[in-house]
Amino acid sequence: MQFRSNPRAARALLSSALFIFAFTNCASPQTKPTAPSSAQTATQPAQSQATQPTPARPQTPSETVRAFYTALRERRVRDAFALSIYKSAIDSLTSEEFEELRPEFEKLGDAVPPQLGIYGEQISGERATVFAVISTEPNAKQEAIEVSRIDNAWVVGSREDYDTVRREGKAFFFKARIDVHQDEMRKVLVKLANAEAIYAAQHAGRYADLAPLTQSESSMRLGLREDLDTLTTLGYHLALAVGGDGKSYKANAEPTRYGRTGRISFYMDAAGIQEKDNNGKPFNPPPAKKKKS
């Protein structure tokens, strides 16, 4: 996995296999969060890490990767990010901003297995690659995780992305969240369009409102209902309207908090998806002009 000095590519790290879930709530039904142990719960309330002893710094790339993912799984977000290129960004968040993002940060550990499978490392100067299985998904494959030596310590991530994060500061996380939420919303709309197309093919060309659509066999097979349940987490509002004759439909999706959970407003009908930064308002493009015969 290679990410060079491209802000969007760097932010994509948060939705890649490196971070597994990023800022979405898209865990598979089989995947269950691993709760902290009772001892941990008793001694380490959520994000009271400022009062906890600083753990010993890992000395090798493999130790760094193991410590990073272990901290993520145990919801020790600040401990985890202190071992990554994102330390400067998370340190610059205010208490209120951290609390806003904390539920999403904590989801990052939902699919980290209790025992990481680390299968080796390659070191070349100040860069290293650690090969590990970091997912609880069945038949998960090894990931090549970039690790960099910065200020005489190994951290998870590339030097190029480290520079991007330092340049953008805390805005990095909010931009990352917006990018991921908008990408996930596009996927939901594509799935909705597929469900409508299948439904219409089975019902004499008539489309369905959300209630009957999500009850249809094709919708269940596509997993549409589960995706719609994530809209609150994505910070998007979705409205679906079917024409009076049932032969047409339109869907609108816009961010619930413009500039915070998303920027793009989406419009979709049977012809496809259109999108626009519409300042958080629903986007309804003008109808296409008919060609003169």
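The values are calculated or read from the model by the stated rules, or taken from the named source; none is laboratory data. All figures in this text were calculated on a predicted structure; none of them were measured in a lab. Positions of Cβ are generated from backbone atoms using ideal geometry, with glycine treated the same way; all protein chains shown enter the neighbour counts. Surface areas here come from the heavy atoms of the whole protein model, side chains and all, with no ligands, DNA or RNA. Shrake-Rupley method; radii C 1.70, N 1.55, O 1.52, S 1.80 Å.
Assorted remarks:
- Unmet requirement for residue 120, which otherwise passes all of (1) part of a strand (DSSP E or B); (2) within 20 Å of the chain's Cα centre (by Cα); (3) not acidic (Asp, Glu): (2)
- Residues being of a type in the set (Ser, Thr, Tyr) and under 17 Å from the mean Cα position of the chain (by Cα) - total across segment 224-255: 4
- Members of segment 254-284 found to be touching a helix residue (DSSP H, G or I) at 6+ places or on another chain (Cβ under 6 Å) and aliphatic (A, V, I, L, M), listed by number: 264, 268, 273
- Only residues that are open to solvent by less than 30 Å² (accessible area, probe 1.4 Å) and over 14 Å from residue 192 (Cβ atoms) were counted in segment 266-282, giving 1.
- So residue 196, is it over 18 Å from residue 232 (Cα atoms), among the acidic types (Asp, Glu) and crowded, with 24+ Cβ neighbours inside 10 Å: yes
- Hey, residue 178 of a type in the set (Val, Ile, Thr), touching a Gly at 6+ places or on another chain (Cβ under 8 Å) and assigned to a helix (DSSP H, G or I) or not: yes
- Qualifying residue in segment 182-189 (condition: touching a residue at least 12 places away in the same chain (Cβ under 8 Å), within 20 Å of the chain's Cα centre (by Cα), closer than 30 Å to residue 269 by Cβ and open to solvent by 70 Å² or more (accessible area, probe 1.4 Å)): yes
- Residue among 72, 108, 101 that is closer than 22 Å to residue 167 by Cα, out of contact with any Asp or Glu (no Cβ under 8 Å at 6 or more places or on another chain) and touching a residue at least 12 places away in the same chain (Cβ under 8 Å): 101
- Within segment 82-136, considering residues that are in contact with a Ser or Thr (Cβ under 7 Å, 6 or more places away or on another chain) and among the acidic types (Asp, Glu), the one least open to solvent (accessible area, probe 1.4 Å): 110
- Tally, over segment 140-167, of residues that are open to solvent by less than 80 Å² (accessible area, probe 1.4 Å) and not in a helix (DSSP H, G or I): 15
- Looking only at residues of segment 215-246 that are part of a helix (DSSP H, G or I) and over 24 Å from residue 264 (Cβ atoms), we find that the one that is modelled with the highest pLDDT is 215.
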